[in-house]
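Structure, as structure tokens:
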Amino acid sequence: MPTALLRLFPIFTLLLSLLAPHAQAGDAADFVAANPAKQATLLETWSAHPDAARLPLIEALQKGRLASDSNKAPFIQTDTGWQAAEGGDAQPASEPKKLPLNNRLRGLVGTAQASHQLLAKEPAVRLAAAQQLQKSAKPAQLQLLNARVASEDDDAVRDALSLALANLQLIDPDPAIRLAAVRLLGETGDPLARTRLETLLDPAVETDAGVRTAAETSLAQVKRRLLMGELLGQAFSGLSLGSILLLAALGLAITFGLLGVINMAHGEMLMLGAYSTYMVQILFQRFAPDALALYPLVALPVAFFVTAAIGMALERTVIRHLYGRPLETLLATWGISLILIQLVRVLFGAQNVEVANPAWLSGGVQVLPNLVLPYSRMVIIGFALFVVVLTWLLLNKTRLGLNVRAVTQNRNMAACCGVPTGRVDMLAFGLGSGIAGLGGVALSQIGNVGPDLGQSYIIDSFLVVVLGGVGQLAGSVMAAFGLGIANKILEPQIGAVLGKILILALIILFIQKRPQGLFALKGRVID
Amino acid sequence: MKRRPFLKATLAASTLLLSGLFPYTLQAAETIKVGILHSLSGTMAISETSLKDMALMTIDEINAKGGVLGKKLEPVVVDPASNWPLFAEKARQLLTQDKVAVTFGCWTSVSRKSVLPVYEELNGLLFYPVQYEGEEMSPNVFYTGAAPNQQAIPAVEYLMSEDGGAAKRFFLLGTDYVYPRTTNKILRSFLHSKGVADKDIEEVYTPFGHSDYQTIVANIKKFAAGGKTAVISTVNGDSNVPFYKELGNQGIEATETPVVAFSVGEEELRGIDTKPLVGQLAAWNYFQSVDNPTNKKFVDSWKAYAKAKNLPNYQTAVTNDPMEATYVGINMWAQAVNKAGTTDVDKVREAMAGQEFVSPDGYTMVMDKTNHHLHKPVMIGEVQDNGQFNVVWQTEGPVRAQPWSPYIPGNDKKPDYAVKSN
């Protein structure tokens, strides 16, 4: 008997090795059958004991592609159909239903995925996994992380893993290990490290005085890095708000600043620019869905010419009759703005329209652990500067610009020298409106597009132009960024509502002291 | 020279265009007039326009079945344009000029507070279909949305539970008006009772129509570093679009920092790419994804109606909680009028008590006998990548409303029946 068994042994082992992948594949069935609490335990166990064969299952869970049919058999959705999660080519008995996950399970799936990816061949994947584990590693993974740190051969990954490990070692019974972990955490700029270190300052939590002192030093280091990230973040959001104000106000800097038209319909030019973007998006969706991502680029010239044409038409029909009569200009342009709003309401409906961000304008780049710069904001800052340069070149380096400046400085003299003042007025007003249209394209990417869009920017636009100094492009730029940054410094301290009020009060005081604004035209041409 | 005539022409043209705003009323022999008072423009239009359409659909349905008391219902639609004083003006116009038997309307609490004195003075009847902060029980209003104990408090309890992520810190973000402020007052007191300290609660408000959420989202991230955080959002209107865009752009994920919203439903999420928002939460008493035959019929008839009336973006038409509450409210009112045999406000009010209706949320809704609120089930849903919600938690059955929240001192002395607020 024993000999017979011994002889059979190799066959047994062979059979077992054949069965091995199936033993793993049982995981999917276990998971599908379990209740949420059991599923959480399963995921925690898997995180502590990763197995390369389980990765497809976890990835399917992460993407929400695990489903089960009426027999509770697990299936994974592929691009073409369903594949049995247990391997083999079984087909679902009924249309499989996707497994619902809640946030807690989704978080655990993320941790499990990271710990499985530590087994990957590519260092880049391992590095990303290690960084994920810095945030979410669970105490049960201590052994796993220790083993991985010891066997890791890529320096960057090992450093990242050591940090993840240090988070878990803060509660190690050995003070020497705790001390090393605390020192290591001092090297990071992770906001979570701050909280972890802060708890160690309490003598009731951390009994070893040496570790407490080390924690204090590390905490100071972490805080310094965090402060840096915060300040950079505030500066960036100030610049971003400033660039939006600038785009909103730049057109007005020409129509009001240079031409002197109190243009209450300026906000509606922004709105029309945003609606032009919407129309271009609709046309792309219908006729060129493949190139949809490029629609904002096409929308720029479209918005410019649409709003410039409307602006020129307004100038020729209404505004030119009112030159030199500011009060009537104000009322007439206010009326025009109401008409334009109502026109858009009739054409497009009173509700906001959907202008979607293309993929290259969504998301952001992580610069520091506590600082993410969104792409859309960066693009808008760049775009604002581009428009400023463009306007400056137009006004200072072209014949049109020369004429505009001549007419605004001394209309009669310019007319005597043969400048067609009427035509120049029209073109300049068109230019101002067109630039407002460009601003509208940018605004459509970050806010809501509705008939009232212009109303919320008109006051800010006037503030920027008046504060900067009427007639000065550089003044508008300075005023826009100044207001943006001041707003963003005040907002966290006293809230969005009070911040706005305070800024308004400050501007009124400033204008009282210096009615000509930040920058004033020097010389005798001023009337 | 030619200036005057031109000005006159502009004026005439604008008057012409403006006149398009005014409601038109059908001429019919014997009808019962029904007022619909929802913002069709301005910051709240994103939420309220669909309520107007839902009200019209429900009225169509009732008329198709022969109307009420043998008479057809005739809707009178007005647009208060997200302008709170205008709400009161339009309400007075509905009651005195159009002589409507009942009004269905309002979304924000500030608009309801603005029309309340009008309805109490003229003894009108208002059906209010949106979840709100409580602290009110007028004999002239029936509240078909949720009171705090039917939405806010269960949602926070869920966030504190193991499944909801066991949140320890709470970031209360809202639009600056009565509903978010009162709700957050109730929640703060509730959180205190659960042992959450003031340093773990942050309250932030933004104006209506606020569109720059950079600083606030950055502050949420900073706050969240101090322990497991949940954001409780009472942001209303179209500000939600830039808020959720910013959340996605700055990479705040639901698994780390869940955001539970009390005023965001399927309708508000149309127009946002919901992929970065998967797992964010909303607390309501109904979701379109609720699976039962009544709801299937409700959703189908809404989609068919949106298509037939060629509503904007009818291809993506969705239903949501306040739409369901509007639907239930109008049907209950029709039942009550039939029971009372008259549209007289006092008689209808009596007939409303205990009124029942099989509603799309899967339950038979009951109007409470005394407190003017519906008994409602509470559901927590998670945003899916298709803009729908997946219900992750719900109460066993309908919950009775407590409009006077026990978490506000002095409310234990308030009567449990409706009295005029004066």
| field | Label-zone membership for the range A:359-401, site A:Gln62, 7 angstrom Cα→C-beta point, backbone N under 20 Å | value | A:363-366
| Descending principal axes extents, the range A:37-220, alpha-carbon based, whole Å | 64, 34, 25
| request: Please list B:108-114, A:182-188, B:150-156, B:282-288 highest first by mean number of surrounding beta-carbon atoms within 10 Å per residue. | output: B:282-288, B:150-156, B:108-114, A:182-188
| query | For the range A:271-316, what is one quarter of the convex hull surface built on the Cα atoms, given in nm²? | reply | 3.0 nm²
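Once you average over the residues of A:343-352, how many Cβ atoms of partner chains fall within 10 Å of each Cβ?
Taking the mean over all residues of the peptide, I get 5.
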| Cα centroid of the range A:352-424 to Cα centroid of the range A:90-141, whole Å | 47 Å
| message | From the helices alone, meaning DSSP H stretches of at least four residues, give me the mean residue ellipticity at 222 nm for chain A, per-run term -39500 (n - 2.57), in deg cm²/dmol to the nearest 500. | response | -23000 deg cm²/dmol
| task | Could you check which residue among B:Pro409, B:Pro75, B:Pro85 shows the biggest mean-square fluctuation in a GNM of chain B with a 10 Å Cα cutoff? | result | B:Pro409
| request: In whole angstrom, note down how far apart the Cα centers of the range A:46-67 and the range B:132-183 are. | output: 37 Å
| task | For chain A, report the accessible area per residue in Å² (1.4 Å probe, heavy atoms, rounded to an integer). | result | 48 Å²
| task | Mind checking the full-extension length gain between A:Ala220 and A:Ala33? Use 0.36 nm per residue of separation minus the Cα-Cα distance, one decimal, nm. | result | 62.4 nm
| task | Calculate the spin-label point distance for A:Lys72 paired with A:Leu297, positioning each point 7 Å from the Cα along the beta-carbon direction, and give it in nanometres. | result | 5.5 nm
| request: Kindly compute the accessible surface that chains B and A hide from a 1.4 Å probe when together, both sides summed, and give it to the nearest 100 Å². | output: 4200 Å²
| With axes computed from alpha carbons, what is the tilt in degrees of helix B:3-19 against the longest principal axis of chain B, rounded to the nearest 10 within 0 to 90? | 80 degrees
| task | Tell me the trypsin sites (Lys or Arg not before Pro) within the range A:71-180 that lie in a loop according to DSSP and have at most 11 other beta-carbon atoms within 10 Å. | result | A:Lys72, A:Lys121
| note | Note: chain B, point scatterers on Cα, Debye, no solvent; log10 I/I(0) at q = 0.10 Å⁻¹ equals -0.68
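If you count, for every residue in B:204-215, the Cβ atoms of partner chains within 10 Å of its Cβ, what is the mean?
That average works out to 6.
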| field | Gyration tensor (alpha-carbon) shape descriptor, the range B:223-285, a/c threshold 1.5 | value | prolate
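When DSSP beta bridges are limited to those with both residues in the protein assembly as shown, what percentage is antiparallel, rounded to the nearest 5?
Here the share of antiparallel DSSP bridges comes out near 45 percent.
Keeping every protein chain present and rolling a 1.4 Å probe, give me the accessible area per residue for the range B:149-284 in Å².
27 Å²
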| task | May I ask for the net charge around A:Ala28, where only other residues with Cβ less than 10 Å from the Cβ of A:Ala28 are counted and Lys, Arg are +1 while Asp, Glu are -1? | result | -2
| query | Can you pull the accessible area of A:Arg225 for me, 1.4 Å probe, Å² to the nearest 10? | reply | 90 Å²
| message | Between B:His210, B:His38, B:His373, where does the largest GNM mean-square fluctuation fall for chain B, given springs only between Cα atoms within less than 10 Å? | response | B:His210
| remark: Per the C-alpha gyration tensor (a ≥ b ≥ c, the square roots of its eigenvalues), chain A is rounded if a/c is under 1.5, else prolate if a/b beats b/c, else oblate; here it's prolate
| Taking the Cβ of B:Pro276 as the center, what net charge do the other residues with Cβ under 14 Å away carry, scoring Lys and Arg +1 and Asp and Glu -1? | -3
| query | Once you put a point 7 Å from the Cα of A:Met413 and another 7 Å from the Cα of A:Asp79, both along the Cβ direction, what distance in nm separates them? | reply | 7.0 nm
| task | Give the whole-number value, in cubic angstrom per residue, of the convex hull volume spanned by the C-alpha atoms of the range A:169-315. | result | 191 Å³
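Is the shape of the protein assembly as shown rounded, prolate or oblate, going by the alpha carbon gyration tensor and its root eigenvalues a ≥ b ≥ c, with a/c under 1.5 for rounded and a/b larger than b/c for prolate?
oblate
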| For chain B, calculated [θ]222 nm from helices alone, where every DSSP H run of n ≥ 4 adds -39500 (n - 2.57) | -11500 deg cm²/dmol
| Within the set B:Lys33/B:Lys339; B:Lys245/B:Lys296; A:Lys135/B:Lys221; B:Lys71/B:Lys307; A:Lys138/B:Lys228; A:Lys98/A:Lys135, which residue pairs have Cα atoms separated by over 24 Å? | B:Lys245/B:Lys296; B:Lys71/B:Lys307; A:Lys98/A:Lys135
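Under 8 Å for C-alpha pairs, at least 6 residues apart: give me the relative contact order for chain A, rounded to a whole percent.
16 percent
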| task | List the relative contact order of the range A:37-220 as a percent without decimals, with contacts defined as Cα pairs under 8 Å and 6+ residues apart. | result | 16 percent
| remark: Helix A:191-200: inclination vs chain A longest Cα principal axis, degrees, rounded to 10, gives 60 degrees
| note | Among A:Gly469, B:Tyr407, A:Asn412, the residue whose Cα sits farthest towards the positive end of the charge dipole of the protein assembly as shown (+1 at Cβ of Lys and Arg, -1 at Cβ of Asp and Glu, taken about the Cα centre) is A:Asn412
| query | Averaged across the residues of A:99-110, what count of C-beta atoms belonging to other chains lies within 10 Å of each residue's C-beta? | reply | 6
| task | Find the relative contact order for the range A:233-513 and round it to a whole percent, using C-alpha pairs within less than 8 Å whose residues are 6+ positions apart. | result | 42 percent
| said: What do you get for GluC sites (Glu not before Pro) in the range B:328-406 restricted to DSSP loop and a cutoff of at most 15 other Cβ within 10 Å of the site's Cβ? | reply: B:Glu396
| request: Determine, for each peptide in A:350-362, A:397-409, the mean count of other beta carbons within 10 angstrom over its residues, then list the peptides with the highest first. | output: A:350-362, A:397-409
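The values are calculated or read from the model by the stated rules, or taken from the named source; none is laboratory data. The shown structure was predicted, so the numbers you read here are calculated from the model rather than taken from an experiment. Note that each Cβ is placed from the backbone with ideal geometry, even for glycine, and that neighbours are counted across all protein chains shown. Calculation scope for accessible area: heavy atoms of the full protein, side chains included, ligands and nucleic acids excluded. Shrake-Rupley method; radii C 1.70, N 1.55, O 1.52, S 1.80 Å.
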